[in-house]
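Report on the following structure.
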Amino acid sequence: MAGLVKEIEAAQFETEVLDGERVVVDFYSTECPPCEALAPKYDALAELYGKDVRFVKIYRQGNRALAESLGVRSSPTVLFYENGRPKGQPLRGGIKRAELMKNLEALLPEESAAAIRARIRPSADSCDVLILGGGPAGLAAAIYAAQARLDTVLVDAALPGGQVATTHQVSNYPGFVEPQSGYMLSHFMSEQAKAAGARFKVAVDITRVDLEQREVVIDGTETIRAARLILATGSSPRALGVPGEREYKGQGISYCATCDAKYFEDKEVIVIGGGNTAVEESLFISRFARRITMVHQFDHLQANKAAQEKAFANERIQFLWSHEPRGFSRKGKDGGPAMEVEVEDLKSRERRTLTADGVFVFAGMEPNLENLQGPLELDKWGYVAVDEDMHTSIPGVFAVGDIRSKAYRQITTAVADGTVAAIAAARELG
Ligand SMILES: Cc1cc2nc3c(=O)[nH]c(=O)nc-3n(C[C@H](O)[C@H](O)[C@H](O)COP(=O)(O)OP(=O)(O)OC[C@H]3O[C@@H](n4cnc5c(N)ncnc54)[C@H](O)[C@@H]3O)c2cc1C
């Protein structure tokens, strides 16, 4: 209920926030997708907590000096105050309902928090097509389904965009002469889906997915039942679990040679892995890079014979056997572009540091199947098996994009899958 949320200006900050007992403040901006994702959650929680906590909104661009004085540098940023003092950590970006509730409860005595929790009532919604996952596959499905006048809901555990949103530059998506920012490409896909009428429920907790009932429960309370369910949750590179890997992902560590090898013309790279993908991708990278060092945990490659022979015959590729990475960092104090990889010799246990312009990790990918219960048929690598129209083994359930069984995982193949599934769903629903 928007009436319980008060929009204020900087001049009112003292009386409305600092003089209040318990206050939550949302610094928002316009043209800000994570702010749009937060707004309905903020309004709904104001309805629940509004008697005990004052809900305030401040337009960040219009109150820049105040925002900066409070350390607010991005939108949305949500701050919590108790008797004029900040309480807990600010929340930023794709803020989930559960995170907001946790911080609101921290402002309240336990019995008040428990009483509010007891008032939460589950809600139910239904739609023609529910798309789980808002990467390019899910967004393409949303565009086609919504343009076909189907009531379409797109649900994502994070903000929409998928892997494309975090890809620095995309140079192989048709229609653009110059490389495009991945973030903007996915932003335009999202806006196109919204303009077509798709309803977005993003940065939510996926509590339960019942594939056979085609029912998804989000944030513990909201059940959405769909005539057709399209799974588009993508896949994730299998993490090595090595310090620095997460920090330098996309900033020196890449998981996609097709996408990034071209940035290493006449440079040196380190490849982690020794299976089929690692060998084939190293051969591809060797079209660009001057030198490739493959670091592999075994003393032989796992790839097929033909690929191995090509790799051994390639003068640009060298091998460091029986070694594993132990840490990734930037070379030098100034944080220059070169990467350092600390490796351990698995036989002698000695460690040393390798340097290169970039690192590629090919330790395999895994489909994002978390929460997807039910007798979903998978291929032998664990990806979802589908027919030509993207039907899975469960009636009314489709799978598209990187989550499904296929040979090539790219943005173009993901949007093609989403297109096929949405058209098939539209035909079936008449
Ligand atoms: C670093 C990198 C660079 C790349 N560069 C290129 C490139 O230049 N060109 C190219 O063509 N391809 C590139 N790719 C490959 C391309 O990004 C993927 O093939 C494509 O994004 C797959 O789309 P998708 O929609 O299937 O999955 P994703 O893009 O992975 O999107 C999946 C979405 O599902 C959501 N999700 C995950 N689990 C759940 C869940 N349980 N419930 C709800 N939502 C969930 C995620 O938050 C995400 O938004 C790159 C990949 C990587 C990793």
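Calculated over segment 5-118, the projected area of the Cα convex hull averaged across directions stands at 6.3 nm².
Ignoring lysines fewer than eight residues from K380 along the same chain, the ones with Cα atoms less than 24 angstrom from its Cα are K305, K406.
The Cys residues in the chain with no partner Cys Cβ within less than 4.7 Å of their Cβ are C127.
Measuring gaps between exposed loop sites in the chain (chymotrypsin sites (Phe, Trp or Tyr not before Pro); DSSP loop; at most 16 other Cβ atoms within 10 Å), the longest gap, sites not included, is 1-175. In terms of its C-alpha gyration tensor, segment 366-426 comes out oblate, because a/c is 1.5 or above while a/b does not outweigh b/c.
Extents of segment 107-189, largest first, come to 60, 33, 14 Å (Cα atoms, principal axes, whole angstrom).
Using the Cβ atoms and a cut-off under 14 Å, what net charge is assigned to the surroundings of P179, where Lys and Arg are +1 and Asp and Glu are -1? With Lys, Arg at +1 and Asp, Glu at -1, the neighbours total -1.
For a test of the definition: using alpha carbon positions, the gyration tensor, and the 1.5 limit on a/c, classify segment 253-361 as rounded, prolate or oblate. Taking the square roots of the gyration eigenvalues as a ≥ b ≥ c, segment 253-361 is oblate. With the convex hull drawn over the C-alpha atoms of the chain, the volume per residue is 182 Å³. Treating each Cα of segment 187-238 as one equal point scatterer and applying the Debye formula with no solvent, the log10 of I(q)/I(0) at q = 0.22, 0.25 Å⁻¹ comes out as -1.03, -1.13. Amide H to amide H, with H built 1.01 Å from N, E222 comes under 5 Å of S123, counting only residues 5 or more places away or on other chains.
Relative to the dominant Cα principal axis of the chain, helix 97-107 is inclined by about 50°. Length gained on full extension, E388 to I423: 11.4 nm, using 0.36 nm per residue less the C-alpha separation.
Please give the Cα centre distance for segment 225-292 versus segment 1-30, rounded to the nearest Å. Taking the Cα centre of each part, segment 225-292 and segment 1-30 sit 44 Å apart.
Measuring between alpha carbons in the structure, the pairs from K102/K194; K6/K102; K262/K331; K6/K194; K51/K96; K57/K201 lying more than 23 angstrom apart are K102/K194; K6/K194. Angle of helix 182-195 to the longest C-alpha principal axis of the chain, folded into 0 to 90 degrees and rounded to 10: 50°. The alpha carbon centroids of segment 92-155 and segment 188-216 are separated by 9 Å.
Amide H contacts for M294 (H built 1.01 Å from N in the peptide plane; partners 5 or more residues away or on another chain; cut-off under 5 Å): V271, Q318, F319, L320.
Per-residue packing, averaged as other Cβ atoms within 10 Å, sorts the ranges 220-231, 124-135 into the order 124-135, 220-231, beginning with the highest. The largest-to-smallest principal axis extents of the Cα set in segment 130-275 are 52, 37, 24 Å. Seen against the Cα atoms of the chain and their longest principal axis, helix 276-285 is set at about 80 degrees.
Read the figures in this text as sums done on the coordinates, not as results from a lab. Because the structure is predicted, anything quoted here is derived from the model rather than measured. Glycine also receives a Cβ, built like all others from the backbone with ideal geometry; neighbour counts cover every protein chain displayed.
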